[in-house]
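Okay, so here's the structure we're looking at.
The values are calculated or read from the model by the stated rules, or taken from the named source; none is laboratory data. Just so it is clear, the model here is predicted, and its values are computed rather than measured. Note: ideal-geometry Cβ built from the backbone for every residue, glycine included; neighbour counts use all protein chains shown. Remember, those area values only see protein heavy atoms, side chains included, never the ligands or the DNA or RNA. Shrake-Rupley method; radii C 1.70, N 1.55, O 1.52, S 1.80 Å.
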There are 2 protein chains.
Amino acid sequence: MLDAFDRKILGALVEDAGLSYARIGERAGLSAPAVFERVKRLRSAGVIESVTARLDGESVGKPLLAFVHVDTTGWGKSERLMRMGEFPEVEEMHSVAGDTGMILKVRTQGPQALEHLLLQLYVIPGVTASRSYVVLSTYLDRPVQADVTLDWPKHPLPKE
Amino acid sequence: MLDAFDRKILGALVEDAGLSYARIGERAGLSAPAVFERVKRLRSAGVIESVTARLDGESVGKPLLAFVHVDTTGWGKSERLMRMGEFPEVEEMHSVAGDTGMILKVRTQGPQALEHLLLQLYVIPGVTASRSYVVLSTYLDRPVQADVTLDWPKHPLPKE
DNA sequence: TGATAATGCTGAAGGAGATTCTGTTACAAG
DNA sequence: CTTGTAACAGAATCTCCTTCAGCATTATCA
């Protein structure tokens, strides 16, 4: 599906989507129009979902990041649970396998705003419990990578 | 720090960073050069961290998304723990407050590749336990929002 | 209060880059 | 061997980025 050219182009776009097609072409070994065509294809194929600016949470007034595990009765996409996604503080929302039903990634002004959000969550029918993990420090936060080929097994197995 | 113009510009760039300055200007009520100047300022101020392409994990060969809680002895940025960030499968890495020390967001080819990664994590000194939450379904995944003003308290408080 | 400087805007203009077009090559199918 | 398709390079056009010159507004300070 993706050849080496595509991976190099995607790698460049993930690193900096502001690069000119000519410069990406140098890096990938293609002409600017060739890169243009491939990017257009990758877009319409859905490989590139969107091109967006990444913002600093602190600068936009939301310095507190937290992961919230939400326990629910029932499963999957109930209309009620989808309400959680309507809060602008909620950035991600995944149903997961494990000892909880849902994991939310939320960003708020501070601890009080988080408490306020949690109170709102409990109003939703089906929400039975929650556990919050407040982020103290982020050591890594990068977009989905495409340029690294994952030939499994890739890392040496631990001895023993 | 950020006025209403900035928020509108940021909102547009988060939605689609490929928009022309002229079009953003229409939306925000400014001329193209004004938008250009503001974006330059927002970049150098660090409000805009980067502009990147968001890729579809499945299309790039990493369909399995999981959150991994890692328990460690000791805290903070030990050089050993930082090794976790060197795996290309690890997209995010946060130290958190709660009943675990570290939360990782990882994306792998499949369950076996996840197991393989976990085995690698246990090789790192200081790692004592881990719990994985495999994502079954993602209902929401959006970048940091800046256009929504968070006037706390914003949501009506639940009536007891 | 009034003079001066600084900031931030608009509209025009030049230049860089995006996008289209044409011709060519490589490869696959018949 | 012939034909058709896919994908590329180079040239050309056209859009948009980026700079520049003035102007309005606001802040600073005498």
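Leaving out ligands, DNA and RNA but keeping every protein chain, what accessible area does B:Ser137 have, in Å² rounded to the nearest 10, with a 1.4 Å probe?
Around 40 Å² of this residue is reachable by solvent.
What are the extents of the Cα atoms of the protein assembly as shown along their three principal axes, in Å, largest first?
Taking max minus min along each principal axis of the Cα atoms, the protein assembly as shown gives 56, 49, 38 Å.
Can you give me the convex hull volume of the Cα atoms of chain B, divided per residue and expressed in Å³?
Convex hull volume per residue, Cα atoms: 184 Å³.
Relative to the longest principal Cα axis of chain A, at what angle does helix A:111-123 sit, 0 to 90 degrees, rounded to 10?
Orientation of helix A:111-123: about 70 degrees from the principal axis.
When only C-alpha pairs under 8 Å and at least 6 residues apart count, what is the relative contact order of the stretch A:64-134, in percent?
Reported as a whole number, the value is 50 percent.
Restrict the search to the stretch A:43-142; then list the chymotrypsin sites (Phe, Trp or Tyr not before Pro) that DSSP places in a loop and that have at most 12 other Cβ atoms within 10 Å of their Cβ.
Nothing satisfies the criteria.
Can you find, among A:Ala146, A:Gly25, A:Leu64, the residue farthest towards the positive end of the dipole of chain A? Put +1 on the C-beta of Lys and Arg, -1 on that of Asp and Glu.
A:Gly25
How high is the relative contact order of chain A? Use alpha-carbon pairs under 8 Å, at least six apart in sequence, and give a whole percent.
25 percent
Keeping all protein chains in place, calculate the accessible area per residue for the protein assembly as shown (probe 1.4 angstrom), answer in Å².
49 Å²
Which angle from 0 to 90°, rounded to the nearest 10, does the C-alpha axis of helix A:32-44 make with the longest principal axis of chain A?
30 degrees
Can you compute the FRET efficiency between A:Met82 and B:Gln112 using 1/(1 + (r/R0)^6), with r the Cβ-Cβ distance and R0 = 45 Å? Round to the nearest 0.05.
Rounded to the nearest 0.05, the efficiency is 0.90.
When only C-alpha pairs under 8 Å and at least 6 residues apart count, what is the relative contact order of the stretch A:1-78, in percent?
18 percent
Compute the Rg to Rh ratio over the stretch B:4-44 from the alpha carbon atoms, using the Kirkwood formula for Rh, and round to two decimal places.
Over the Cα atoms of the stretch B:4-44, Rg/Rh equals 0.90.
In Å³ and rounded to a whole number, note down the convex hull volume per residue for the Cα atoms of the stretch A:64-134.
74 Å³
Where in the stretch B:44-114 are there trypsin sites (Lys or Arg not before Pro) that are in a DSSP coil and have at most 15 other Cβ atoms within 10 angstrom of their Cβ?
Answer by residue number: B:Lys77.
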